[in-house]
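Notes for the one structure printed next.
The values are calculated or read from the model by the stated rules, or taken from the named source; none is laboratory data. Fair warning: this is a prediction, and the values are worked out from it, not measured in the lab. Here the Cβ is made from the backbone with ideal geometry for all residues, glycine too, and neighbour counts use every protein chain on show.
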Amino acid sequence: MKGISFAQPLFLWLLVLVPAIIAFYIIRQQHTSPSVQMPGMKPFEKTGNTFRYYLRHILIGMRVAAITLLIFILARPQKTDRFQNSTTEGIDIVLAVDISGSMLSCDFKPNRLEAAKNVATEFISGRPYDQMGLVVFSGESFTQCPLTTDHAVLINLLREIKSGMIKDGTALGDGLATAVNRIKDSQSKSKVIILLTDGVNNMGTIAPATAADISKTFGVRVYTIGVGTQGMAPYPVQTPFGIQYQDMPVEIDEAILRDIASKTGGRYFRATDNNTLTEVYKEIDKMEKSKIAVRQFTRKEEKFIMPSIIVFLILALESIIRLTVYKNIT
């Protein structure tokens with residue numbers, strides 16, 4: 001009985017009387033069924049008990065059902081409805097993801113970009129109360145998804161990004177500026193950008209330091225993530241024979257990433273493999289928690305009327321059967 005509770009549950013202990021009543025009835029039937037032997041009854045030896053004989057047990061069944069329902073009525077069954085009035089102080093977050101050619105390096109599995117997409121997907125799924133958006137950048141930047149609470153759409157758009165969608169390069173300042181432009185008018189008390197890159201700013205019209213100042217002006221906190229192993233990494237290179245991988249030095253402008261994070265009240269992280277990248281997002285998730293206030297309301301509705309009607313009908317029907325069909329049975 002989903003949603004049903006009892007105001008006086010102690011009365012339910014009376015249900016132990018039900019099997020006792022049934023047992024008493026069975027014993028009584030055994031002691032009140034004498035065997036009578038009479039001469040001259042041979043023609044009736046094959047005559048069995050009639051259907052009416054066995055049907056008499058319906059009376060005790062109806063009585064037991066009525067008693068059981070009466071016990072439930074005494075326990076006062078109630079339907080409980082609970083309502084929650086949730087108020088959330090969400091955090092608006094824009095993910096700014098580098099999709100330059102170097103993000104196809106295989107020091108992450110299967111590569112940096114796919115690893116970043118997988119971890120970001122888990123991060124989005126774990127924050128159902130936040131508005132989130134997505135900006136991608138390489139040689140230029142654009143908004144892949146504006147701020148939204150429809151995380152299914154956001155995740156689908158995140159999965160669709162790939163290197164080569166736009167001109168190659170690393171316009172770090174432009175990527176950050178585009179993300180700030182998307183979040184600056186937010187009414188949320190907490191505005192956050194998570195900027196992920198694996199390179200050095202080499203393109204774009206806005207310097208990273210300038211973009212950081214703009215972020216600070218609009219009260220946007222920026223967490224920066226540098227992705228790439230220490231030393232050398234297999235980097236995709238276009239050759240006459242197609243894409244081939246060559247070991248090349250990993251160059252990340254950690255100084256500017258630290259400066260961006262420091263100016264805006266964020267923090268810089270370095271991820272060197274899939275596991276550390278996962279831990280970075282977990283750390284950011286812990287630092288940026290939404291405040292959720294939940295008020296719960298409970299409404300209870302008495303549910304004894306229908307059982308009472310059923311008990312009345314059962315007892316009435318039992319009385320009718322006892323006074324008609326089984327009038328002579330005692």
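Remarks
- The set of residues in region 257-283 being under 18 Å from GLY228 (Cα atoms), assigned to a helix (DSSP H, G or I) and of a type in the set (S, T, N, Q) consists of ASN274, ASN275, THR276, THR278.
- Counted residues, region 141-162 - those being in contact (Cβ under 8 Å) with a residue 60 or more places away in the chain, buried (at least 20 other Cβ atoms within 10 Å of the Cβ) and either within 18 Å of the chain's Cα centre (by Cα) or more than 26 Å from LYS286 (Cβ to Cβ) (or both): 1
- Residue selected from region 231-252 under the condition exposed (fewer than 11 other Cβ atoms within 10 Å of the Cβ) and modelled with pLDDT of 85 or more, by the criterion farthest from the chain's Cα centre (by Cα): PRO249
- Sole residue being surrounded by 14 or more Cβ atoms within 10 Å (Cβ to Cβ), over 21 Å from TYR245 (Cα atoms) and either modelled with pLDDT of 75 or more or in the same structural domain as LEU196 (by TED's automatic domain parsing) (or both), chosen from ILE99, ILE60: ILE60
- Every residue from region 193-230 that is surrounded by fewer than 24 Cβ atoms within 10 Å (Cβ to Cβ) and of a type in the set (A, V, I, L, M): VAL200, MET203, ILE206, ALA207, ALA209, ILE214
- All told, THR217 meets the bar of being of a type in the set (Val, Ile, Thr) and closer than 30 Å to ASN181 by Cβ.
- Qualifying residue in region 209-232 (condition: more than 27 Å from ILE93 (Cα to Cα), out of contact with any strand residue (DSSP E or B) (no Cβ under 6 Å at 6 or more places or on another chain) and assigned by TED's automatic domain parsing to the domain that holds GLY164): yes
- Total residues in region 189-213, condition within 17 Å of ASP259 (Cα to Cα) and in contact (Cβ under 8 Å) with a residue 40 or more places away in the chain: 15
- Scanning region 125-140 for residues that are of a type in the set (Gly, Ala, Ser) and touching a residue at least 40 places away in the same chain (Cβ under 8 Å) yields GLY126, GLY133, SER138, GLY139.
- Some residue of region 144-156 being in a loop (DSSP other than H, G, I, E, B), at pLDDT below 95, farther than 30 Å from GLY231 by Cα and in contact with a Phe, Trp or Tyr (Cβ under 9 Å, 6 or more places away or on another chain): yes
- Filter pass, ASP185 being surrounded by fewer than 24 Cβ atoms within 10 Å (Cβ to Cβ), in contact with a helix residue (DSSP H, G or I) (Cβ under 9 Å, 6 or more places away or on another chain) and at pLDDT below 95: no
- Region 130-145, residues that are farther than 14 Å from LYS191 by Cα and not β-branched (Val, Ile, Thr): PHE137, SER138, GLY139, GLU140, SER141, PHE142, GLN144, CYS145
The rows are residues; the columns are (1) hydrophobic (A, V, I, L, M, F, W, C); (2) within 27 Å of ILE243 (Cβ to Cβ).
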position	(1), (2)
GLN131	no, no
VAL135	yes, yes
GLU160	no, yes
GLY169	no, yes
LEU172	yes, yes
VAL180	yes, no
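- Taken as a whole, the condition of being part of a strand (DSSP E or B), within 16 Å of GLY199 (Cβ to Cβ) and of a type in the set (Val, Ile, Thr) applies to VAL136.
- All positions within region 1-57 that are aliphatic (A, V, I, L, M), at pLDDT 65 or above and under 24 Å from ILE320 (Cβ atoms): VAL18, ILE21, ILE22
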